[in-house]
1. Which condition number in (1) touching an Asp or Glu at 6+ places or on another chain (Cβ under 6 Å); (2) surrounded by fewer than 20 Cβ atoms within 10 Å (Cβ to Cβ) is the one that A:ARG72 fails?
2. Among the listed residues B:LEU169, B:LEU128, identify the single one that is in a helix (DSSP H, G or I), over 26 Å from A:LYS6 (Cα atoms) and either at pLDDT 95 or above or not aliphatic (A, V, I, L, M) (or both).
3. Anything in segment B:233-245 that is within 17 Å of B:LEU258 (Cα to Cα) and away from chain A (no Cβ under 14 Å)? List them, or say none.
4. Residues of segment A:262-273 being surrounded by fewer than 20 Cβ atoms within 10 Å (Cβ to Cβ) and farther than 16 Å from A:LEU120 by Cα, which ones?
5. Of B:GLU191, B:GLU253, B:GLU210, which residue is charged (D, E, K, R), outside the structural domain of B:HIS113 (by TED's automatic domain parsing) and within 20 Å of the chain's Cα centre (by Cα)?
6. Given (1) over 21 Å from B:ARG20 (Cβ atoms); (2) small (Gly, Ala, Ser); (3) not in a strand (DSSP E or B), identify the lone condition not met by B:SER56.
7. Among the residues of segment B:89-106 satisfying the criterion of being among the acidic types (Asp, Glu) and crowded, with 17+ Cβ neighbours inside 10 Å, which is modelled with the highest pLDDT?
8. Out of curiosity, is A:PHE292 closer than 20 Å to A:ASN216 by Cβ, buried (at least 23 other Cβ atoms within 10 Å of the Cβ) and not small (Gly, Ala, Ser)?
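The values are calculated or read from the model by the stated rules, or taken from the named source; none is laboratory data. Since this is a predicted model, take the numbers as computed values, not measurements. All Cβ positions, even for glycine, are placed from backbone atoms using ideal geometry, and neighbour counts span all protein chains on display.
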Number of protein chains: 2
Amino acid sequence: MSELRKDPILERWVIISTERQKRPQDFFLQEPPKNTGGFCPFCEGNEDKTPNEVYSVRRNGSAPDKPGWSLRTVPNRFPVLTVEGEMGREGVGIFDRMNGIGAHEVIIESPDHKDTLSSLSTSQFTDLLCAYRERIADLKRDSRLKYVLIFKNHGFAAGASLEHSHSQLIALPIIPKQVSEELDGCKKHFELKERCIYCDIIRQERDQKERVVSENDHFIALAPFAPISPFETWILPKAHHCSYEHAPDDLLESLARLFSDTLKRLDKVLGCQPYNFILHSSPFGMEDLDHFHWHFEIMPKLTKTAGFEWGSGFYINPTPPEEAAAILREAKI
Amino acid sequence: MSELRKDPILERWVIISTERQKRPQDFFLQEPPKNTGGFCPFCEGNEDKTPNEVYSVRRNGSAPDKPGWSLRTVPNRFPVLTVEGEMGREGVGIFDRMNGIGAHEVIIESPDHKDTLSSLSTSQFTDLLCAYRERIADLKRDSRLKYVLIFKNHGFAAGASLEHSHSQLIALPIIPKQVSEELDGCKKHFELKERCIYCDIIRQERDQKERVVSENDHFIALAPFAPISPFETWILPKAHHCSYEHAPDDLLESLARLFSDTLKRLDKVLGCQPYNFILHSSPFGMEDLDHFHWHFEIMPKLTKTAGFEWGSGFYINPTPPEEAAAILREAKI
C-alpha cells in the first residue's frame with residue numbers, strides 16, 4: 001500500500017507510491033511513448049483490460065464493461081491511493097505518516113483513440129463535465145475523504161503516459177496544501193471586503209477587457225494577472241458558487257461550449273502543445289462558502305520548472321498575459 | 001524591464017520577463033540543445049561574449065575578462081531581474097506589481113567545456129562554494145534586496161539552456177514564498193520545542209541510519225523523510241548555523257568533499273541524469289536565527305510535475321527514500 005508522508009517543515013504531503021515503485025534503471029528511459037498504432041486499454045472493445053467501470057455513459061442499453069459506451073470511468077490500474085484499508089495515522093519520531101487511503105480514477109473521454117478533448121462534440125464534452133460532477137458526488141459519501149482533485153494531463157510533457165484522451169481524479173483524505181492556501185487567501189479577502197475575490201476579479205477583468213479571452217452567458221475565459229505559465233487561461237462561472245458538484249446540466253452545457261472554444265483557441269495558437277487543467281472546487285463539507293468560487297485553470301506546458309522555481313516558489317513567465325489574451329481572442333477557430 | 005506581479009489569492013509572485021519575451025511560435029521547438037561542439041560563450045577565450053565579470057578566481061595574475069581563470073561569475077546576458085531602476089511598487093485595481101529589480105548572475109564553474117561539477121577537483125569545488133559566499137556577501141550591501149537564491153540546473157530536462165557547467169544566482173527584492181514558508185515551519189517547531197528542527201532531523205537520522213547516505217566530520221548527506229523527487233538528497237552542516245555566507249574556507253572545503261562524493265554517487269546510480277540543487281540560507285538581515293539551519297537540497301529530475309501536483313501541492317514519489325539512501329550508500333564510486 002502507498003504511504004502518505006508529511007514534510008515536517010513545509011507541511012506538504014508526499015505520496016510514496018509502492019504501486020508505481022521505481023528502481024534506478026527504471027528512470028533511464030524517459031522518452032515519449034511512441035504512437036505505434038498498437039494496443040490501447042482505453043479503446044472500445046478492450047474493456048476487459050481495465051478494472052470494472054464505476055460510471056459510464058451508454059445511451060444504447062449496452063451492458064457495463066462491454067462496448068457501446070461514449071464515456072467510461074474506471075479505477076486506475078496503478079493507483080497512487082486506494083479505497084481499501086485502515087487510515088493508519090502514526091508518528092515516526094518527529095515525522096508523521098498515514099496509509100495511502102483515497103481513490104484514483106480515470107475518465108476515458110471517448111471510445112475513439114483519435115479523438116482529443118478539443119475535438120469532442122458539445123454533447124460529449126457536457127457528458128464529461130457531468131461525469132466529473134457525478135464522481136465527486138459519489139466519492140463524497142466516503143467520510144474518510146476530504147477532497148477530490150480533478151485534472152487532465154494532455155501530452156507526454158504534461159505528464160500523460162497514455163495517448164488516448166482521458167482525465168483523472170484523485171480523492172484524498174486530507175485537504176491538499178494548495179487548496180488550503182487558495183481557500184485561506186480567498187477568506188482573507190472576504191474578511192477585508194465582504195466580497196468574493198473571484199467575483200471581484202471577474203468584475204475588474206470585464207471592465208478592463210485586456211485579459212479577457214472570450215465569454216458566453218454563464219462563463220468567462222480570461223488570462224490571470226499573474227499567470228505561472230504562458231497562455232494560462234481560467235474559466236469561471238459568472239455567478240458566484242463554490243461547489244462544482246451542484247452545477248445543473250444546462251450550466252455544464254454552457255461550460256462545455258466555452259471550454260471547447262478555449263481549447264480550440266489554444267490549439268490554434270500554440271499548435272496542439274501539451275497542457276494540464278485543474279478543477280478548483282470547495283472541499284467536502286464546505287458547500288456554502290461566500291468566499292470561494294469554483295473554476296477551471298488551464299496551464300499549457302511551455303516552460304520548465306527549474307532550480308529557481310523549486311527554491312523560491314516564484315515563476316518566470318516570458319509571455320505577458322495581456323499579450324496572450326489578445327492573441328487567443330483574435331485566433332480564428 | 002521585467003515586472004513582478006503578485007497572485008492576489010496565493011500571494012505568489014510571478015516574474016513577467018520581457019528580456020525573455022516569447023511569442024507563440026517560440027514555444028514550438030522544445031528540443032534539447034544539440035552538443036554540436038560549436039561556439040560556447042562560457043569557454044575560456046570567449047570572455048568578450050559575456051557581460052563583464054563581477055567575481056573570478058585567477059591565481060596567475062591574469063586580467064579580468066581575459067583567459068587565465070578557473071571560475072568566473074558574470075551577469076546573465078538575458079537577466080530575469082536587473083539592478084538598475086526604481087522599485088515602482090503600485091496597485092493595478094485589486095492587483096499588485098513592482099518593477100523587476102534584482103540581480104541575475106551566472107557562475108561558470110570551470111573554463112573547460114568538458115568538465116561537469118562532479119568531475120571538479122576538491123580545490124575547484126571549494127572555489128565554487130566560496131564564490132557563492134562572496135557573491136551573497138556583496139549583494140547584501142544593496143538594501144533593496146532581501147534574498148539571494150543560489151541554484152544549479154544540470155541538464156536540459158532540469159532547465160539548463162547551455163551545456164557548459166554553471167550555477168546561477170537570482171537576488172530578489174522580496175523574501176520568496178517558499179523561503180518564508182520554510183522559515184515559518186522552522187519557527188513553529190522552535191516555539192514548541194526550543195530546538196532547531198534541522199538539528200532534530202540530523203539527530204534522528206544519525207540514530208536511525210536508514211536514510212543517511214554518507215557523512216564526514218562537518219557534514220551529513222541524507223534522504224529526507226518526505227522527498228518530492230526520487231533520490232532527493234540533502235547536505236547539512238552538523239553544527240547549527242543559519243547563514244551560509246558566514247561559513248569559513250575550511251568548512252566549505254569539507255562541504256566540497258561531501259558534495260562531490262554525493263554527486264558522484266548520484267551519477268553512478270542514476271547514470272548522469274539531470275538534477276537541480278538549491279542552497280537554503282537565511283534572508284538578509286536575519287543572520288542569527290536559532291530556528292533555521294542552512295543546507296543544500298539536490299533534486300534529481302526523474303519525474304514530471306503534472307496536473308495533480310499543480311493542483312494539490314502533493315508530490316508522488318515512486319522511490320521510498322530508505323531504498324534510495326541504501327542504494328546511494330552502497331554505490332561504488
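1. The single condition A:ARG72 does not satisfy is (2).
2. B:LEU128
3. Those that are within 17 Å of B:LEU258 (Cα to Cα) and away from chain A (no Cβ under 14 Å): B:ILE235, B:PRO237, B:LYS238, B:ALA239.
4. Of everything in segment A:262-273, just one residue is surrounded by fewer than 20 Cβ atoms within 10 Å (Cβ to Cβ) and farther than 16 Å from A:LEU120 by Cα, namely A:GLY271.
5. The unique qualifying residue is B:GLU253.
6. (3)
7. B:GLU105
8. no
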